[in-house]
Amino acid sequence: MSGIRPTGFLHLGNYFGALRNYVRMQDEFECFFMVADIHSLTTHPDTSQLKHHVRRVLAENIACGLDPDKVALYCQSHLRETGELYLYLNMLAYKGELEKTVTFKDKVKLQPENVNAGLLTYPVLQAADIIIHRATLVPVGKDQEQHLEMSRNFVKRFNHRYGEVFPEPRAFNFGNELMRVPSLDGSGKMSKSENQSATIYLADDDDSIRKKIMKAKTDSGPTKKNSPKPDYIEVLFQLMKLVSDEEVVKKFEEEYNNLTIRYGDMKKKLAEDMIEFIRPIRQRVESILKDDDYIRDVMVKGAEKARASAEVTMDKVREAIGLRYY
Ligand code: AMP
């Protein structure tokens with residue numbers, strides 16, 4: 001189970017942190033993936049563009065390889081049962097631990113004028129989203145590790161107080177480690193809404209990709225053989241490892257180590273490989289977005305599958321808590 005907020009265009013971080021794993025999981029597991037529209041309201045109260053973003057994120061999920069016939073692909077707000085579970089979990093979540101959450105503290109700094117209770121209880125709603133399907137594996141990027149730890153704590157408290165209903169969920173990646181795709185300038189991570197000029201989006205056209213990469217900071221090159229790479233150069237290598245062939249990366253690594261590297265050539269190659277990677281995804285998104293009936297159909301069927309799973313869980317939850325009076 002996992003989700004992505006419809007707060008803007010999806011980017012390489014979403015792809016390599018989340019979507020790539022979703023696509024691999026769909027053949028091995030029973031999967032639930034959602035567009036986290038309610039979560040987006042904690043930071044994006046203006047809903048004038050919400051419909052447009054929800055449809056796009058859904059199309060981007062499919063364009064990256066998710067098959068709505070194999071998984072439940074749905075909108076968070078279409079699964080009303082989650083609201084009920086969130087309410088019960090709130091009684092097991094403590095103000096102190098919520099206030100200490102790193103993402104909460106970051107967002108308080110970003111939007112001091114809108115520190116709403118939804119922002120504080122974001123990890124509680126996220127836990128409800130996950131455990132409503134009694135999910136165990138949650139494909140997410142590294143930034144979500146702490147939230148998953150909180151989900152496990154809520155589950156342990158629920159099971160301890162009311163009896164075993166939920167398995168403990170954990171962050172999942174097919175590789176050894178959770179991913180963090182850095183921004184092109186090496187100053188942070190790629191993001192939907194911050195640092196947009198240093199983020200590569202799945203919707204970027206060939207020219208924008210080329211411009212963003214060619215503009216990336218470099219220097220006059222290493223002066224000592226086999227020296228460590230500065231952050232902004234490391235980023236270029238990291239991105240190249242994601243989209244270029246192994247031999248290409250190896251060639252530039254060798255050139256770096258023996259001081260013959262020309263960053264201009266490296267960026268040109270990275271830009272071309274990135275364009276080849278993004279272009280087919282962008283084109284598929286554009287064609288899916290033209291088909292309103294298909295998008296509606298995906299949402300309706302996805303919500304039905306999610307509801308069937310949630311109803312079973314909520315029966316167990318109400319029974320375990322002791323909310324049956326006759
Ligand atoms: P969000 O964009 O915050 O809705 O996150 C959706 C998914 O993408 C989550 O699983 C995140 O962990 C993942 N994600 C977002 N940004 C990055 C990034 N720069 N690197 C790796 N994963 C990311």
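The values are calculated or read from the model by the stated rules, or taken from the named source; none is laboratory data. Only a predicted model underlies this, so the values are computations on that prediction, with no experimental measurement involved. Note that each Cβ is placed from the backbone with ideal geometry, even for glycine, and that neighbours are counted across all protein chains shown. Just so you know, the surface numbers come from the protein's heavy atoms only, side chains and all, with ligands and any DNA or RNA stripped out. Shrake-Rupley method; radii C 1.70, N 1.55, O 1.52, S 1.80 Å.
Sequence-distant contacts, meaning Cα pairs under 8 Å at least 6 residues apart, place the relative contact order of the stretch 205-286 at 48 percent.
Residues whose amide H lies under 5 Å from that of G3, counting only those 5 or more places away or on a different chain, are M34; hydrogens are built 1.01 Å from N in the peptide plane. Between A308 and E145, the simple spin-label model (points 7 angstrom out along Cα→Cβ) gives 3.7 nm. The stretch between E168 and S193 holds 5.9 nm of extra length on full extension. This uses 0.36 nm per residue minus the Cα-Cα distance. Spin-label model, R324 to K224: label points 7 Å out along the Cα-to-beta-carbon direction sit 7.1 nm apart. For the listed peptides 166-177, 189-200, 2-13, a ranking on the average number of other beta carbons within 10 Å per residue, highest first, reads 2-13, 189-200, 166-177. The C-alpha atoms of the stretch 205-286 occupy a region whose extents along the principal axes are 47, 24, 18 Å, arranged from largest to smallest. Karplus-derived 3J(HN,Hα) values for the stretch 289-294, using 6.51 cos²θ - 1.76 cosθ + 1.60 with θ = phi - 60°, are 5, 7, 9, 4, 4, 4 Hz; glycine and proline are entered as x. Considering the zone a paramagnetic label at K301 would reach in this model (a point 7 Å from Cα along the Cα-to-Cβ line), which residues of the stretch 1-42 have amide N under 18 Å from it? Under 18 Å, as judged by backbone N against the label point of K301, lie 23, 26-35 of the stretch 1-42.
A protection proxy built from the mean count of other Cβ atoms within 10 Å ranks the segments 51-64, 141-154, 251-264, most packed first, as 51-64, 141-154, 251-264. Full extension of the segment from N176 to K211, taken as 0.36 nm per residue of separation minus the current Cα-Cα distance, would add 9.4 nm.
So if we plug the beta-carbon distance of L110 and R279 into 1/(1 + (r/R0)^6) with R0 = 25 Å, what FRET efficiency do we get, rounded to 0.05?
0.15
Taking other residues whose beta carbon is less than 14 angstrom from the beta carbon of D245, and scoring Lys, Arg as +1 and Asp, Glu as -1, yields -2.
Ranked highest first by the average count of other Cβ atoms within 10 Å around their residues, in what order do 32-40, 97-105 fall?
32-40, 97-105
Only DSSP H runs of four or more residues enter the estimate; each adds -39500 (n - 2.57), and after division by the residues of the chain the mean residue ellipticity at 222 nm equals -16500 deg cm²/dmol.
Simple rule: put +1 on each Lys or Arg Cβ and -1 on each Asp or Glu Cβ in the chain, find the dipole, and look at V243, G65, P230; the Cα lying farthest toward the positive end is P230. Per residue, the chain exposes 49 Å² of solvent-accessible protein surface, assessed with a 1.4 angstrom probe and all protein chains in place.
Close amide H partners of K189, meaning residues 5 or more places away or on another chain with modelled amide H under 5 Å apart, are S183. Of all the accessible heavy-atom surface of the chain, with the other protein chains kept in place and a 1.4 Å probe, what percent is carbon and sulfur? Its accessible area is 49 percent carbon and sulfur atoms. From the alpha carbon centroid of the stretch 156-191 to that of the stretch 90-140 is 13 Å.
The three principal axes of the C-alpha atoms in the stretch 97-219 carry coordinate ranges of 58, 39, 26 Å, sorted with the longest axis first. Computed from backbone phi, the HN-Hα couplings of the stretch 254-269 come to 5, 5, 4, 5, 9, 6, 9, 5, 10, 4, x, 5, 5, 5, 4, 5 Hz, rounded to whole numbers (Karplus: 6.51 cos²θ - 1.76 cosθ + 1.60, θ = phi - 60°; Gly and Pro given as x). If the Kirkwood radius is taken over C-alpha pairs of the chain, then at 20 °C and 1.002 mPa s the Stokes-Einstein diffusion coefficient equals 101 µm²/s.
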